[in-house]
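A.B. asks: This is the structure, below, for whatever I ask next.
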Amino acid sequence: MLILYHHPFSPASRFVRLALHEYGVNFESYLEYPWQRRREFLLINPAGTVPVAVENDGTPVCGGAVIMEYLDETRGYMIPDKRLMPDNAERRAEVRRLVEWFLGKFDQDVIGHFVREKIYKLEMPKSAGGGEPDSAVLRAARTNIRHHMRYIGYLAASRRWLGGDRISFADIAAAAELSCADYLGEVPWDEDEHAKAWYARVKSRPSFRSLLGETIPGMRPAKSYADLDF
């Protein structure tokens with residue numbers, strides 16, 4: 001059995017959960033609040049970050065991109081028709097580049113700010129940094145997201161999927177990040193029609209169902225969040 005330590009609105013955690021569903025992996029999930037620095041969790045991952053996967057009491061696999069590689073090596077190669085990593089080395093490199101872009105740069109420029117300011121701060125005690133959102137941070141994120149939406153639109157317009165001819169980890173990473181901002185109503189879907197059409201395809205997949213059913217106590221999702229046709 002695979003156990004996943006995660007936060008429901010951690011984009012990297014959502015990335016891993018989507019990948020697990022795409023690969024048909026049965027798993028148990030445990031909610032973790034990284035800012036609590038829980039001793040038992042730190043023994044599993046000294047960095048104190050999510051996501052973390054542990055299979056059959058084995059060595060913890062920490063971080064979205066690392067778990068991606070683990071899943072591809074243990075599952076993906078056995079299901080070539082559903083594999084989320086291309087067979088060709090150059091195409092694999094491109095998918096890895098885009099995963100790093102979305103889980104790294106996109107998260108650091110945009111999504112991580114939305115999640116921290118509008119979700120995590122609601123759950124955090126003041127001693128851990130909780131409180132009111134920082135309006136300056138949110139303004140910067142709202143400016144930055146438009147550049148990223150145009151880049152996603154460029155990829156979607158020039159390729160069948162973001163990483164190439166088939167759906168890949170690149171699409172899952174980008175969609176996981178966007179889903180968090182979409183819940184908050186922070187995605188300017190009018191910025192690029194190609195990006196909007198691509199996301200509608202991804203969020204219509206069965207793997208997305210569990211994410212679209214999640215809510216934040218006291219905060220309703222934006223109307224576009226669970227609307228497969230926007």
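The values are calculated or read from the model by the stated rules, or taken from the named source; none is laboratory data. These numbers were taken from a predicted model, which means no experiment stands behind them. Because the Cβ atoms are built from the backbone with ideal geometry, glycine has one as well, and the counts that use them run over all protein chains shown. Please note that ligands, DNA and RNA were not included when accessible areas were found on the heavy atoms of the full protein model with its side chains. Shrake-Rupley method; radii C 1.70, N 1.55, O 1.52, S 1.80 Å.
A.B. asks: From (1) more than 16 Å from residue 111 (Cβ to Cβ); (2) assigned to a helix (DSSP H, G or I); (3) touching a Gly at 6+ places or on another chain (Cβ under 9 Å), pick out the condition that doesn't hold for residue 173.
C.D. replies: All conditions are met except number (1).
A.B. asks: Can you confirm whether segment 124-133 contains a residue that is part of a helix (DSSP H, G or I), crowded, with 20+ Cβ neighbours inside 10 Å and of a type in the set (A, V, I, L, M)? If you could, list the steps in order and put the result at the bottom.
C.D. replies: Filtering segment 124-133 down to residues part of a helix (DSSP H, G or I) leaves 126-128.
Going one step further and asking which of them are crowded, with 20+ Cβ neighbours inside 10 Å, we end up with none.
Checked against the condition, which is being part of a helix (DSSP H, G or I), crowded, with 20+ Cβ neighbours inside 10 Å and of a type in the set (A, V, I, L, M), segment 124-133 yields no hits at all.
A.B. asks: Of the numbered conditions (1) small (Gly, Ala, Ser); (2) out of contact with any strand residue (DSSP E or B) (no Cβ under 7 Å at 6 or more places or on another chain); (3) part of a strand (DSSP E or B), residue 24 fails exactly one; give the number of that condition.
C.D. replies: (3)
A.B. asks: Which of (1) aliphatic (A, V, I, L, M); (2) farther than 17 Å from residue 174 by Cβ; (3) open to solvent by less than 20 Å² (accessible area, probe 1.4 Å) is the odd one out, the single condition residue 79 does not satisfy?
C.D. replies: (3)
A.B. asks: Next question, about the same structure. So, residue 151, is that one within 26 Å of residue 33 (Cα to Cα), surrounded by 15 or more Cβ atoms within 10 Å (Cβ to Cβ) and of a type in the set (Phe, Trp, Tyr) or not?
C.D. replies: No; evaluated as a whole, the condition is false for this residue.
A.B. asks: Consider residue 197 carefully, then state whether it is hydrophobic (A, V, I, L, M, F, W, C), farther than 26 Å from residue 33 by Cβ and more than 18 Å from the chain's Cα centre (by Cα).
C.D. replies: yes
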